[in-house]
Amino acid sequence: MNHNKELLIDYTPFDVSPQMIAESEQKNNGRVIVQGVLQRAGSKNQNGRIYPKDILMREVANYKKVQIAERRALGELDHPESSVVNLSNVSHNVVDATFDGNDVIGKVEILDTPAGKILKELLKAGIKLGISSRGLGSVRELGEGTVQVGQDFELICWDFVSNPSTHGAFMKPTSMNESTNKQGVNEWEQCDKYCKANSIIREILNDMEN
């Protein structure tokens, strides 16, 4: 048993319905709220960790009672190597989290912060992003490359990330159709995903400076 708490970062698929981005903006006066699986209990993830359901239920209940209830269930754009949420990089706020079987289903509001604006524009452009949990806890070796998260686990937040390591841990709204030019060639065709992301980020930062 490893009794020393370590920073635990784990990715979970976060699926988005086709019209979620556009419909949310229409219904909520421009606010974007996305919904999907934040985390999964009881099964081995691709980092080799298992989160027991009783532990995750306890942490989600505490998170709802305090952070969500007080509207400070904040997360960042990209994972910092820290157990503290950096307010200058906050991009979103979790507004609800409930269990459906072994899945933690969450509603996440994208905020109108600098990082939130970048996040929203990346999603609108169809850039694949992931969402993952950040917490502190010890782990117990189960063998064959598997560890179980201990009773001392403490959930910190869920972050949006640009480089998920778990297969399928991507979030991509499909409500936004990729634009084409007059020749029918995708305007992003000659640009890989990092080029697209960097281009969008530069454009947003320039707009904010002007």
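The values are calculated or read from the model by the stated rules, or taken from the named source; none is laboratory data. Being a predicted model, the structure only gives us computed values, none of them experimental. With ideal geometry, Cβ positions are generated from the backbone for all residues, glycine too; neighbour counts draw on all protein chains shown.
For segment 105-129, the set of residues classified as of a type in the set (Gly, Ala, Ser), under 16 Å from the mean Cα position of the chain (by Cα) and under 22 Å from Glu203 (Cα atoms) consists of Ala115, Gly116, Gly126, listed by residue number. The condition of being farther than 21 Å from His79 by Cα, of a type in the set (D, E, K, R) and modelled with pLDDT of 85 or more does not hold for Glu178. So how many residues does segment 43-78 have that are among the aliphatic types (A, V, I, L, M), touching a residue at least 60 places away in the same chain (Cβ under 8 Å) and either loosely packed, with under 15 Cβ neighbours inside 10 Å or over 18 Å from Thr12 (Cβ atoms) (or both)? Residues in segment 43-78 being among the aliphatic types (A, V, I, L, M), touching a residue at least 60 places away in the same chain (Cβ under 8 Å) and either loosely packed, with under 15 Cβ neighbours inside 10 Å or over 18 Å from Thr12 (Cβ atoms) (or both): 1 in total.
The criterion of at least 3 residues that are over 21 Å from Leu7 (Cα atoms) is met, among strands (runs of 3 or more DSSP E) falling completely within segment 33-138, by 90-100, 103-110.
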